[in-house]
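Right, one structure below, let's go through it.
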Amino acid sequence: MLITLGRKEITKSLEEVGRQLGKSRSEIARAVEAGLKAQDMFYEALKKRGEEVLAGLGEGDRGFVIVSRPYNGCDEGVNLNLPKKLRDLGALPIPMDFLPLDKVNLADEWENLYWRYGQKIMSAAEIIRKDKRLFAIYITNFGCGPDSFILRFFREAMSGKPYLAIEIDEHSADVGAITRCEAFLDSIEHARVTEVKEEVTVVDDRDRLTTTGGGRKRRLYIPSMSPHAYPFAAAFTRAGIPAEVLPESDSDTLVYGRQFTSGKECYPCIVTTGDMVKRTKDPDFDPDHSAFFMPSGSGPCRFGQYNKLHRLVLKELGLERVPVISPNQGRSFYNELGEVAKNFDRIAWRGLLAVDFVLKMTRERRPYELKKGEHDRVFRESVDRISESILNDEDIFDVLEEIRNRIHAIPIDDSVRRPLIGIVGEVFVRTNAFSNNNIVAEVERLGGEAVLPPFTEWILYTNYTRKRGNLVNRDYKSYFVTWIKDKVQKRDEHRMMQIFEGYVRNLHEPTTEDVIDLGQPYIDDSFEGEAILSIGKAIDFVRKGASGIINVMPFTCMPGTVVAAVMKRVRRDLDNVPFLNMAYDGLEQTNTVTRLEAFMHQAAQYDRRNRAEKSVEVKAAA
């Protein structure tokens, strides 16, 4: 947030700190100015020294640029003192910040690389690739989220020029790293770099919602993230863009996903990559009449880089002519969606909302059904009915009443109430049954009732952050568009809610602002993304009677890891409600079922204790 907003926001933040320390505004302003001036002088000194080092390299000399983030490249403990060891081996290590990084223009090639040091790393790649004397040693650390994508982008930008990537964690020993450096130096010594590519062809990052080209109409493939994908695809089809939901993920998904990723990317990226590649392998796949849908974002979550990686995978498959349609949810999302057709976004929104409400009612009743599988059958038919109503331009509110009555007619036995389990976390893994090993069904099998945030919570949150960004950037036109869309969407939500009034217990959802207020004491709202939503919603669930909270996340997920850490304090303030953190990477984990069983046992005990205490309170009041 600070880097995005620049000097003004840094000054404002430091002024707040200074006031807490009893300093006057003028003292703070002078201190900030002195600090920023010293930082600028330091950067200038780096560039000057870099110019001297590069000028001293002869035609046949070799320089090894340490490509890294400061906490990796400049900390002798973290980087195993590799720069010194390189000098001992007779090599010349050059800090990345010695290079003229600010002279490289990445606007076209890597339009949406929103991590500041990611931009510097890619700038370094451009300089190193073009200079025969320079070679890269990329130092990263285990679990670094941005690097899981940037390493792939770096390889693409290097365009075949050799480099060494070393991943370090707390278990790393310098012996292996030294051996790898020695082998790399030896290979470079005997390598003959005869040609330097001045430009690298990078897959276009600016595809939006144009699915026509050369007179062709393309079929748009939607990721099978959740049942919400079906009415979303129906909205595209109704707008004149034939759309189809990709088949549900399976074991082949992971085979293809891992084949075309490094395994370090977040799990949803591996799953969506695998589903995309799986479709391209089908005999009837037509590259000239196909496109894939994968929205983008503006950070800090890695999600905004999925579409770029998908483009690189398609390029690797020889299918670079297949576009990836990627409206940016963090910028002019509604302007881009508006290019599809008039009212497309509202039609799609109503479809997503409808599935949310039907899911909410289904989850409340399914654990108590007398005939197993009946709610699942009706739910699948309901999703088809919602999609059909969109295609046929029917009144979706009438259709929802029809669906509500069908679900309500399914016999249930709710004489015994199960413990309520709130499930929060990363939105893809949370809603995709394949990715979370069908955790909702497991909670129900073990005697619980699962409650989840609606999928549309994320869309309303992006409205909130987009409006804030519009105001900061003084883009009042985009702010007004989002403000209007937000009002209309909430009005549709309220109207649908009335249909289910009296049929669903936990019907009412807090506003985005309410969720943020609940999470604000534990994590600041300036750290945008799912972390504050998960914390705030977990608190909301407990206040509504949840006897346990499960945080589902992809393995190494940045926001998910923050939630897991912060929840320790949240639990303490919530009477130590049982909490379980579940990280998924697609690999079988023998202890998963055991952990879930133990958690459900704790939740059941917590629920019985709370019910007993409430019973005592009621008797005392009587």
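Taking the stretch 252-265 as the range and being open to solvent by 20 Å² or more (accessible area, probe 1.4 Å), hydroxyl-bearing (Ser, Thr, Tyr) and either in a strand (DSSP E or B) or modelled with pLDDT of 95 or more (or both) as the test, only TYR256 passes.
Can GLU51 be described as assigned to a helix (DSSP H, G or I) and modelled with pLDDT under 85? Against the criterion (assigned to a helix (DSSP H, G or I) and modelled with pLDDT under 85), GLU51 does not qualify.
When you check ASN473 against the structure, is it within 30 Å of ARG609 (Cβ to Cβ) and open to solvent by 20 Å² or more (accessible area, probe 1.4 Å), yes or no? Spell out the reasoning first.
Working: within 30 Å of ARG609 (Cβ to Cβ): no; open to solvent by 20 Å² or more (accessible area, probe 1.4 Å): yes.
When the stated conditions are applied, ASN473 does not pass them.
Of the set (1) under 29 Å from TYR267 (Cβ atoms); (2) part of a helix (DSSP H, G or I), all apply to ILE128 but (1).
For the stretch 93-112, enumerate the residues that are surrounded by fewer than 16 Cβ atoms within 10 Å (Cβ to Cβ) and part of a loop (DSSP other than H, G, I, E, B).
PRO100, ASN105, ALA107, ASP108, GLU111
Would you be able to say whether some residue in the stretch 395-415 is closer than 18 Å to MET225 by Cβ and open to solvent by less than 40 Å² (accessible area, probe 1.4 Å)? No, that holds for no residue.
Go through the stretch 373-394 and give me each residue that's on the phi > 0 side of the Ramachandran plot and either surrounded by 13 or more Cβ atoms within 10 Å (Cβ to Cβ) or of a type outside the set (D, E, K, R) (or both).
Step one: list which residues in the stretch 373-394 are on the phi > 0 side of the Ramachandran plot, which gives 373, 393.
Passing the criteria: only GLY373.
Pairing each residue of the stretch 22-41 that is in contact (Cβ under 8 Å) with a residue 24 or more places away in the chain with any residue that is of a type in the set (A, V, I, L, M, F, W, C), provided the two are 6+ apart or on different chains, yields no C-beta distance under 6 Å.
Could you say which residue among PRO283, PRO247 is within 30 Å of ASN392 (Cα to Cα), assigned to a loop (DSSP other than H, G, I, E, B) and open to solvent by 20 Å² or more (accessible area, probe 1.4 Å)?
Values: PRO283 fails: within 30 Å of ASN392 (Cα to Cα).
Criteria check complete, one pass: PRO247.
For the stretch 126-167, a tally of residues being open to solvent by less than 10 Å² (accessible area, probe 1.4 Å) and of a type in the set (A, V, I, L, M, F, W, C) returns 13.
Evaluated against (1) free of Cβ contacts under 8 Å to residues at least 60 places away in the same chain; (2) farther than 25 Å from TRP115 by Cα; (3) touching a Leu at 6+ places or on another chain (Cβ under 9 Å), PHE98 falls short on exactly one condition, (2).
The residues in the stretch 15-26 that are open to solvent by less than 80 Å² (accessible area, probe 1.4 Å) and assigned to a helix (DSSP H, G or I) can be counted, and the count is 4. Report yes if some residue within the stretch 539-557 is open to solvent by 50 Å² or more (accessible area, probe 1.4 Å) and in a helix (DSSP H, G or I); otherwise report no. Yes, the stretch 539-557 has at least one match. Is it the case that the stretch 229-236 has a residue that's more than 30 Å from GLY469 (Cα to Cα), open to solvent by less than 30 Å² (accessible area, probe 1.4 Å), of a type in the set (A, V, I, L, M) and modelled with pLDDT under 95? Scanning the stretch 229-236, I find no residue that is more than 30 Å from GLY469 (Cα to Cα), open to solvent by less than 30 Å² (accessible area, probe 1.4 Å), of a type in the set (A, V, I, L, M) and modelled with pLDDT under 95, so the answer is no.
The values are calculated or read from the model by the stated rules, or taken from the named source; none is laboratory data. Note that this is a predicted model, so its numbers are computed, not measured. Here the Cβ is made from the backbone with ideal geometry for all residues, glycine too, and neighbour counts use every protein chain on show. Side chains included, ligands, DNA and RNA excluded: accessible areas come from the protein's heavy atoms. Shrake-Rupley method; radii C 1.70, N 1.55, O 1.52, S 1.80 Å.
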